[in-house]
Amino acid sequence: MTVMQTTAAAREATGEGAEPAAERGDLCAAPRPRHPRPDGQDGYTISEVVALTGLTAHTLRWYERIGLMAHVDRSHTGQRRYTNRDLDWLDLVGKLRLTGMPVADMVRYAELVRAGESTYAERFELLQATRRDVLARIAELQDTVAVLDRKIGFYADAGRPHTAERTP
């Protein structure tokens, strides 16, 4: 991967260089993740990333092995050194996992990001399909909540003494 591709991929993962969410009309956009080292220090050990993300070291190494994460830099002693951009990418991966996106699709998305701007259309389609799936799941969950609300209302009413049964 070229430096330009790496930079473009990192910009996409972090949202850097994009217009602000409010200007895009994206009112639900999450704020950019804040990292514990805002002073510019940009190097985390795997154990620090485990503590920050809740992922296991095994999962982080697996993400790297399957191509879900770009190559992670190493220190002179061979230890992985994660950056704030890596943390931003892991945040995005976490969101994609919450959507129910299959790992194979997440890996494909990561490959497309690394491939550069020529893959925007394919990335767009992949994310649109995922969004449709999420909206369908939300609709199912809303229907489920409505059923639960009816049942809860029934049992709440069943436990109350009725006014017609009361005697003065």
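In the stretch 34-59, the qualifying residues are those that are small (Gly, Ala, Ser) and at pLDDT 90 or above, and the one that is farthest from ASP73 (Cα to Cα) is GLY54.
Has the stretch 125-148 got any residue that is free of Cβ contacts under 8 Å to residues at least 40 places away in the same chain, assigned to a helix (DSSP H, G or I), under 22 Å from GLY67 (Cβ atoms) and more than 17 Å from the chain's Cα centre (by Cα)? Spell out how you get there, then give the answer.
Filtering the stretch 125-148 for residues free of Cβ contacts under 8 Å to residues at least 40 places away in the same chain gives 125-148.
When the remaining residues are screened for being assigned to a helix (DSSP H, G or I), the result is 125-148.
Right, trim to under 22 Å from GLY67 (Cβ atoms) and you get 125-127, 129-130.
If we keep only those that are more than 17 Å from the chain's Cα centre (by Cα) too, we end up with 125.
Yes: one or more hits.
What number of residues within the stretch 105-119 are over 19 Å from the mean Cα position of the chain (by Cα) and surrounded by 10 or more Cβ atoms within 10 Å (Cβ to Cβ)? The total comes to 4.
The set of residues in the stretch 85-102 that are assigned to a helix (DSSP H, G or I) and either touching a residue at least 60 places away in the same chain (Cβ under 8 Å) or open to solvent by 60 Å² or more (accessible area, probe 1.4 Å) (or both) comprises ARG85, ASP88, TRP89, ASP91, LEU92, LYS95, ARG97, LEU98.
The values are calculated or read from the model by the stated rules, or taken from the named source; none is laboratory data. Not measured: the values here are computed from a predicted model. Here the Cβ is made from the backbone with ideal geometry for all residues, glycine too, and neighbour counts use every protein chain on show. Just the protein is used for accessible areas: all its heavy atoms, side chains included, with ligands, DNA and RNA removed. Shrake-Rupley method; radii C 1.70, N 1.55, O 1.52, S 1.80 Å.
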